[in-house]
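For reference, the structure discussed in these notes is given below.
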Amino acid sequence: MQTALAKPPQKRQVIFLAMLLFLWEADSEAIRYSIPEEIESGYSVANLAKYLGLRVGELATRGARIHHKGSKQLLQLDVKTGNLLLQEKLDREVLCGATEPCVLHFQLLLENPVQLFQVDVQLIDVNDHSPEFLDREMILRIPESVQPGSVFALKSAQDLDMGRNSVQNYTISPNSYFRVATHNRGDGRKYPELVLGKALDREEEPELSLTLTALDGGEPPRSVTVTVRIEVIDINDNAPEFLQSLYEAQVPENSPMNSLVLVVSARDIDAGSYGCVSYSLLEGDEVSQPFVIHEKTGEIHLQRALDFEATQHYIIEIEATDGGGLVGKCTVAIEVVDVNDNAPELTMSTLSSSIPENSPETVVAIFSVSDPDSGDNGRMVCSIENDLPFFLKPTFKNFYTLVTERPLDRESRAEYNMTITVTDLGSPRLNTEYSITVVISDVNDNSPDFTQTSYMLLVRENNSPALHIGSVSATDRDSGTNAQITYSLLPTQDPHLPLASLVSINADNGQLFALRALDFEALQAFEFHVGATDQGSPALSSQALVRVVVLDDNDNSPFVLYPMQNASAPCTELVPRAAEQGYLVTKVVAVDGDSGQNAWLSYQLLKATEPGLFGVWAHNGEVRTTRLLSERDAARHRLVVLVKDNGEPPLSASVTLHVLLVDGFSQPYLPLPEVAPERAQGDSLTVYLVIALASVSSLFLFSVLVFVAVRLCGRRRAAPLGVCSVPEGHFPGHLVDVSGTGTLSQSYQYEVCLAGDSGSGEFKFLKPIFPNLLLQNTGN
């Protein structure tokens with residue numbers, strides 16, 4: 001318990017020293033020194049020995065030491081020299097902070113005897129600290145409606161230095177709106193205030209960034225800066241403004257629906273809802289207006305098809321409204337760009353569907369062309385086919401005339417089908433075609449043209465009256481009445497040809513008719529001209545030669561020239577009994593008034609007193625013996641020879657020959673054989689009939705021959721009547737001698753000639769020339 005209660009001697013000494021210091025401090029006067037802060041350690045503050053008047057070394061003997069409150073020893077006493085030294089560099093701001101003045105209190109303790117001295121060391125502040133702002137940036141939000149002169153507090157800068165080394169002044173970066181004012185606080189510190197010198201305009205400067213500078217009073221002065229960002233709070237004092245007062249755009253007329261046309265933009269320099277802009281069309285409604293605008297973005301879209309030909313320009317007023325109800329306007333001019341979406345149009349003003357042929361340059365049509373498109377899309381070219389005798393002539397503006405290039409010939413081409421093509425110059429090119437038909441009307445410029453220059457008509461004789469024997473045909477290249485042809489018989493130059501009684505012609509179709517029966521033996525051929533006349537004005541005509549050839553009909557029986565059948569006494573042929581086989585007894589000579597095969601005669605022995613003794617050659621009518629004669633043969637023989645032509649049906653004639661077999665020809669006269677009494681009457685009747693028939697036939701044949709000779713000689717102006725005239729180039733007439741041979745008692749000559757203009761080469765027996773009948777005796 002006693003140990004616990006007893007205090008150690010050291011502790012008692014400390015308490016005692018503390019009581020001494022207290023008492024000393026109360027009665028003694030302190031020793032004062034001042035030094036600047038931030039002096040390096042070891043710096044000698046003062047020599048305490050000298051100040052106290054002590055000798056060198058006395059401090060050590062007296063046990064001098066420095067006592068300081070706190071655990072950290074700031075000063076050190078050199079007892080040998082008596083100097084008070086800095087233990088370390090002293091920082092006023094650390095030791096004293098904001099206390100001013102900054103005094104370090106410590107005591108000098110001397111022992112033997114005990115003596116205390118108060119020593120005060122004042123740290124003099126040096127400008128070793130720059131001012132500092134606590135924030136990197138100061139933000140002020142000031143409405144733009146604040147009036148000039150308004151003051152706004154700013155945060156002060158902090159400076160650890162004191163006195164003059166602390167913050168003494170504030171400055172602000174140059175600007176048009178604010179200045180800074182520096183004021184003193186009650187504790188001597190300075191603080192800044194921001195003063196508005198000019199009205200704010202958020203739309204002009206929505207935000208200001210200023211630099212505030214704090215300056216201390218040191219030499220040289222230290223400073224610090226801080227950014228003061230001033231946000232101007234908006235009021236709705238600005239209407240929306242478009243970037244352009246006039247917007248222009250071009251839109252192709254074939255743009256699809258909902259395609260973007262243009263974007264307009266309005267800016268409201270106000271903030272918040274006052275700066276939010278909505279767009280609308282000022283005029284028109286969505287039904288009639290082909291455009292629509294997006295309320296928020298200002299995009300103008302196409303909502304209805306455009307047509308350049310209907311409307312080429314649109315003027316639209318656009319309205320922009322902000323959140324405060326202020327409005328801005330702009331104008332949008334939209335030009336509709338033409339595309340080649342319209343084909344050219346052709347309007348026919350005058351069209352002549354028919355033009356006369358042989359006319360010089362003639363206007364066929366007048367027309368105009370148009371294209372509602374513009375530029376090259378509306379420029380047009382007109383054309384027609386190259387191979388046509390027409391051309392297009394531009395007249396006035398877009399009018400054209402279709403004109404003939406030369407006189408046209410309807411007979412070459414009566415109709416022209418052409419297409420007028422109108423093509424624009426757009427891309428792609430569009431065209432319109434207009435088809436017209438031009439008919440070339442006829443002019444009577446062509447004469448009728450017979451299909452043949454000459455016609456040959458074959459007519460069989462003995463025709464029925466009004467028989468159609470043939471036709472002539474003519475064509476006329478004209479048309480209508482100009483091509484209507486009338487046929488007629490032209491007057492003949494032969495006055496002996498009764499043309500009007502021979503033939504007639506159908507005026508409408510050219511059919512020829514025989515007015516009466518023709519007789520080949522009287523008229524074998526005749527010629528005439530027919531005319532064809534059109535109905536044009538003036539009428540044109542042409543003519544053709546018609547040759548009518550009469551064809552022979554087998555209408556004449558053979559006529560026996562020898563032996564003559566009309567003689568008063570029959571002719572008797574004498575044949576010597578010594579005649580050889582094939583002896584020519586006589587020759588039957590016959591002719592046929594027909595021609596051709598109708599005149600081809602054949603002979604045959606029809607009856608004979610003694611068959612097998614005599615024979616007749618079929619082609620020449622020669623009667624010859626077929627065998628040797630004998631004494632037993634009868635002296636008198638009667639032969640009936642049949643002469644037949646080659647017609648269809650064949651016609652024939654017969655002749656009776658009397659043959660007398662004699663021993664020789666010395667008798668001057670041989671009596672005729674007696675005819676049986678029972679046959680005399682019949683033979684006489686036959687003779688009369690034959691004579692009558694022969695007379696009529698001879699007369700008819702003579703008349704025919706005379707008529708033919710007259711006609712031929714008259715036409716050819718050749719020989720006189722009765723002489724056979726042969727055209728040039730044919731065989732001339734000549735005499736054919738039919739002389740008796742053997743026992744022929746007479747000689748005959750026939751005048752024959754080639755049938756005129758027949759070209760058949762057939763000989764016609766015209767008439768016999770009878771010589772004096774001489775009885776020739778072959779034995780003399």
query = Residues with beta-carbon under 10 Å from that of SER602, excluding SER602: net charge, scoring Lys, Arg +1 and Asp, Glu -1?
reply = 0
Per residue solvent-accessible surface (Å²) - segment 390-547, probe of 1.4 Å = 51
Placed amide H near ALA608: partners under 5 Å, 5+ positions off or other chain = VAL640
query = Between ILE31 and residues 5 or more places away or on another chain, which pairs have amide H atoms under 5 Å apart, with H built 1.01 Å from N, and which residues are they?
reply = GLN118, VAL119, ASP120
remark   = One finds the C-alpha centres of segment 367-402 and segment 89-146 to be spaced, in Å, by 108
inquiry  = Calculate the FRET efficiency for TYR43 and LEU134 from the Cβ-Cβ distance with a Förster distance of 41 Å, rounded to the nearest 0.05.
reply    = 0.75
inquiry  = Could you give each residue of segment 509-514 its phi-based ³J(HN,Hα) in whole Hz, using Karplus coefficients 6.51, -1.76, 1.60 with θ = phi - 60°, and x for Gly or Pro?
reply    = 10, x, 6, 9, 10, 7
inquiry  = Can you tally the net charge around THR311? Count Lys and Arg as +1, Asp and Glu as -1, for every other residue whose Cβ sits under 13 Å from the Cβ of THR311.
reply    = -4
Distant-in-sequence amide H partners of ARG379 (H built 1.01 Å from N, under 5 Å) = LEU425
task = Note down the magnitude of the dipole of segment 87-165 about its Cα centre, charges +1 on Lys and Arg C-beta and -1 on Asp and Glu C-beta and zero elsewhere, to the nearest 20 debye.
result = 240
key: Environment charge at SER473 (Cβ cut-off 13 Å; Lys +1, Arg +1, Asp -1, Glu -1)   = -3
key: Theoretical gain in end-to-end length, ALA30 to ARG304 [0.36 nm per residue, Cα-Cα removed]   = 88.1 nm
remark   = Here, GLU58 and PHE707, labelled 7 Å along Cα→Cβ, have an inter-label distance in nm of 21.9
inquiry  = Apply the a/c threshold of 1.5 to the C-alpha gyration tensor of segment 592-634 and tell me whether it is rounded, prolate or oblate.
reply    = prolate
task = Please name which of PHE513, PRO495, MET564 has its Cα lying farthest along the dipole of segment 481-589 towards the positive end, using unit charges on Cβ (Lys, Arg +1; Asp, Glu -1) and the Cα centre as origin.
result = MET564
Whole-Hz ³J(HN,Hα) from phi, Karplus 6.51 cos²θ - 1.76 cosθ + 1.60, for segment 351-361, glycine and proline x = 9, 9, 6, 9, 10, x, 6, 6, 7, x, 3
query = For segment 102-148, what is the accessible area per residue in Å² when the probe is 1.4 Å?
reply = 50
GluC sites (Glu not before Pro) within segment 513-601, DSSP loop, no more than 15 other Cβ atoms inside 10 Å = GLU580
ask   = Between LEU606 and HIS619, 0.36 nm times their residue separation minus their Cα-Cα distance comes to what?
value = 3.2 nm
remark   = Sorting ILE300, ASN386, VAL339 by the position of each Cα along the dipole of segment 270-418 (Lys, Arg +1; Asp, Glu -1; all at Cβ), the one nearest the positive end of that ordering is ASN386
message = Quick one: 3J(HN,Hα) in Hz for segment 497-504, Karplus 6.51/-1.76/1.60 with θ = phi - 60°, rounded, Gly and Pro as x.
response = 9, x, 4, 5, 9, 9, 9, 9
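The values are calculated or read from the model by the stated rules, or taken from the named source; none is laboratory data. Since the model is a prediction, treat every value here as computed from it, not as a measurement. Every residue, glycine as well, gets a Cβ built from its backbone with ideal geometry; the counts of neighbours run over all protein chains shown. Note: areas computed on protein heavy atoms with side chains; ligands, DNA, RNA excluded. Shrake-Rupley method; radii C 1.70, N 1.55, O 1.52, S 1.80 Å.
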